[in-house]
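Note sheet for the following structure.
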Amino acid sequence: MSILEVKKLQKIYTTRLGGNSVRALENVNFSVDQGEYVAIMGESGSGKTTLLNILAALDRPTSGSVILDGMDLSSVKENEMAAFRRKNLGFVFQEFNLLDTFSIKDNILLPLVLSRVPVSELKDKLDPIASALGISDILEKYPYEVSGGQKQRAAAARAVITGPKLLLADEPTGALDSKSTDSMLETFEQINKNGQTILMVTHSVKAASHAGRVLFIKDGEVYHQLYRGDSDNEEFYRKITEALTVLVKNS
Amino acid sequence: MIKFYIRTALNGLKKNLKLYVPQIISSAVLFAIMYIMFSLCFDETLNHSRGGRYLGIFMGLGITVISILSLVIIFYANNFLMRQRKREYGLYHVLGLEKKHIINIMLVENIITHTISILSGALLGLLFYRLASLTIFNLYKLELTGNLTIFSFSALFFTMLIFVGIYALTYIFNCISLIKLKTTELLLSSSYGEKEPKIKWIVFILGLAFLGTGYFLALTIEKPMEALAFFFVAVICVIFGTYFLFTAGSIFILKALKKKKSFYYKPEHMISVSGMLYRMKQNAAGLASIAILATGVLIMLATTVTLYRGIDDDIENKFPHDMYFNLREWSDNNRTSRDFTEDEAIAVLKEACGSLGLKVTAFGLKESMEIPFILQDDTLVTAESDDGGISFNYNFVSRSDVKSITFITDKTYYVLTGEQIGLNDNEMAFAKLSSDNWSPEKVKLLGLELNKTYTIKKNPLSSSVAEVGNCFLFVVNSDTFNRIHMELKNKYGNDTILIRGEFFADIEGEEEQKMQLFETLCDNLYQKGEAKGVSCNIYNSKMRWEEREEEYLLNGSLLFLGILLSMVCFFATALIIYYKQITEGYDDRNRFQIMEKVGLSKPEIKKTIKSQILMVFFIPLLVAGIHTLAAYSILSKIMALLTTTNIFLLCTGIVFVIFSLIYITIYSITARTYFKIVS
């Protein structure tokens, strides 16, 4: 059963005076099933970020539709958008986006507090996630006191604590060293195994090789896609690299 | 190369216009105020008017205070600008400019901004000088005769001297801090990791102690002289207390709020509490400064406005009659006499009035003895100084165990109040003149026993007795009055002067005619006295009209200085608020962008921002209000020494309301800048 359906998505940016227009997304179609782990790859300027912004309801498409769990995003009113995002979507960003005024714990709890979850339930929701992500020990610390990897795991905890229908990740390993990257990718896999649907935008072949399926975007369209099938991470890594080489050659 | 410096400097200024404009404006206003004060000092017309003698003193004082304030304000603005621009200078350095080049660029930038400040300041000064001097004449209630100076070169010269000096200091300061810095430090943005502030218990307790002491002094002191002595102690305590409590107390409260989970984990509280906790560490000093400056402005304006607006009231209370002449007890050859008897004085007055064609509408003689006593059981013993005489020493009389008793006859009481009280030889009417609660039914003094038969509610002497020490009034009949007089003479010798006499008169006529009469009377009394072989003490003679003019000159100067100083403090407050809004705007921009991504809608964000900055900027106003309220208690006692008017509370209230309105205006103007940065 598909949790996300993207149909004929088009996004055209026009300059303020209506002179030049840039077609960021031409015609994007794909769907994501419940519990799937999908990576989206593409070069800079391919429209990845635009796509993610539209999926995150931070931006509206020029035409086409995004349907999340049977609900059309374009039918959500502007003033309900923030609540919608909070309820249905989780985000992990390249630059962590943790608030420096909050402890790690408060950063993770923020979406729950914003949804007015009673205080008594906060601890029950926090503890299992924190221990699963291995950040129980640093909950009382502040973002500047912990490593990049720990920050990103805290951000992941914040993203999943509300139990979102879809976890959107934008270059989640982009600011991490290789060791932190490995542990972060394992974390994602683990989250996914617990049933969380993940959609990740990335440059990194290594990151993509952990996903179940990889979509390649080029010139605003889904150009190609690869399923992991039975292959292990290494084999999938090789397949992705080959696909990318073809992608570059053909342009 | 010079061209390059100028181009780079201009670019830098253009890019940071938002930061430089307020600095230039406040600098220019300070310059203008200083120029006006110097010009007032140098203005011939003003100095030759009757207000000249006060003007010089008060403007001199003002120039000193404002020089110091200008130094502080300009340094504050300069440091703020330096911090904001360090990154840019760091970039220049990385791009290959040497530090000496950057210093040159900075020099050009400073020359440009300071020249603009000085030019516009001088222009403002020129424009507003006329307004300022007309305001002074108005406050003095004097007619402007002669021409005002249009431009005073020496005023401009001295003002420039001070400001160029301050600017040079800031430039040297900047150069040193630039040279000391490493390139990487220059490049480092100001947003390094901030630790969550810890509660500084020692500072917190010290703050409580200081504020407690200050408030205790302000609220419990009853005696005006003590109030005067302890006022500055209280002020210093409150200033320290405010700084300490803003630093430690705010964090204490916020941490307590954070610990209360059911309160903290609510959307509207979580963001603002943690935001303020984070912010308090950097801003405590700034907010405390705003609170103290605001309190200063409030107190300065409330007192000076009260003194000025209360002049007519005060004169009416202190001088109910047109003119007063002092008579003195005179002893020669073992015989006490007075300069003039009542009849002689009336004769002199009538004669002078007759020659000028004026009519006396009221006349009276007031005689009193003010003697310090110490109460032992129910007996009053005269308080003696070390050499065995009666001590009239001021410090002595204001001692708490000394009761200062003023004796008047029932006849004088009738003259003062129009009320007849019949008193027998061992009877007295009693009145409290100060806050002391002593109220005897019966006292013994100098071998006499006096029973209280009457208690007077309203002080009939309000005019002449200041509420210093423990003062009481005994009204006795003439025989008893003379007996007390004789007893004291016998005990302390004939040349001890005890009786103070004063006769007063009301005259029908124009003020100028009264002036003429007053002068004639003084002359006549003096001559008559010479003829009798006594030197008449006419120098203590007073005329209501003259007293009023004097008060207008003195209190008008005070009010004018108060207004100028308040303006300076106010500009300092506005500048601090503005720069705070900008720094916090840049700090918060990032934070609110993240919140939007995490799922906070724009209206929600705006609401949080509003409540947060509202709290941060209105706490100082609130604190200033509370401080002023506490200060009111002690100040009203000091004011009792200076004036008899009762409009102090009203003036304080009005000043507070007006100040709050202006504060809110400044806040909303600067808040707009903040919102622009954040969104």
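Residues that are of a type in the set (D, E) and closer than 19 Å to A:I3 by Cβ were ranked within the stretch A:67-114; the one that is farthest from the other protein chains (Cβ to nearest Cβ) is A:D72. Let me confirm something: among B:L254, B:L219, B:L228, which residue is surrounded by 21 or more Cβ atoms within 10 Å (Cβ to Cβ), touching a helix residue (DSSP H, G or I) at 6+ places or on another chain (Cβ under 6 Å) and of a type in the set (A, V, I, L, M, F, W, C)? None of the others qualify; the one that does is B:L254. Among the residues of the stretch A:58-87, those identified as buried (at least 20 other Cβ atoms within 10 Å of the Cβ) and closer than 29 Å to A:P143 by Cβ are A:A82, A:R85, A:R86.
Look at B:A291 and say whether it is crowded, with 21+ Cβ neighbours inside 10 Å, within 14 Å of B:T247 (Cα to Cα) and at pLDDT 90 or above. Taking the combined requirement at face value, the residue satisfies it.
Flag not set for B:T520, criterion: out of contact with any helix residue (DSSP H, G or I) (no Cβ under 7 Å at 6 or more places or on another chain), hydroxyl-bearing (S, T, Y) and assigned to a helix (DSSP H, G or I). In the stretch B:172-288, counting only helices (runs of 4 or more DSSP H) that sit wholly within it, the ones holding 1 or more residues that are modelled with pLDDT under 80 span B:183-187, B:224-244. All of A:S136, A:S120 fail the test of being in contact with a helix residue (DSSP H, G or I) (Cβ under 6 Å, 6 or more places away or on another chain), hydroxyl-bearing (S, T, Y) and free of Cβ contacts under 8 Å to residues at least 24 places away in the same chain, apart from A:S136.
Residues of the stretch A:115-150 that are within 11 Å of another protein chain (Cβ to nearest Cβ), hydroxyl-bearing (S, T, Y) and either assigned to a loop (DSSP other than H, G, I, E, B) or in contact with a Gly (Cβ under 8 Å, 6 or more places away or on another chain) (or both): A:S115, A:Y142, A:Y144. Answer yes or no as to whether B:G52 is within 24 Å of B:L126 (Cα to Cα) and at pLDDT below 85. So B:G52 passes the test. Scanning the stretch B:237-276 for residues that are aromatic (F, W, Y), away from every other protein chain (no Cβ under 14 Å) and out of contact with any Phe, Trp or Tyr (no Cβ under 7 Å at 6 or more places or on another chain) gives B:Y243, B:F246.
Residues of the stretch B:277-288 that are more than 12 Å from A:F102 (Cβ to Cβ) and within 9 Å of chain A (Cβ to nearest Cβ): B:R279 alone. Annotation: of all residues in the stretch B:266-325 being aromatic (F, W, Y) and out of contact with any Leu (no Cβ under 8 Å at 6 or more places or on another chain), the one that is farthest from B:K255 (Cα to Cα) is B:Y324. Whether a residue is more than 12 Å from every other protein chain (Cβ to nearest Cβ), modelled with pLDDT of 85 or more and buried (at least 22 other Cβ atoms within 10 Å of the Cβ) was assessed, and A:I40 passes this test. When residues in the stretch B:590-630 are screened for being within 14 Å of another protein chain (Cβ to nearest Cβ), closer than 23 Å to A:L109 by Cβ and part of a helix (DSSP H, G or I), 18 of them pass.
The values are calculated or read from the model by the stated rules, or taken from the named source; none is laboratory data. Model, not experiment: these values are computed from the prediction. Cβ coordinates were reconstructed from backbone atoms using ideal geometry, including for glycine residues, and neighbour counts include every protein chain displayed.
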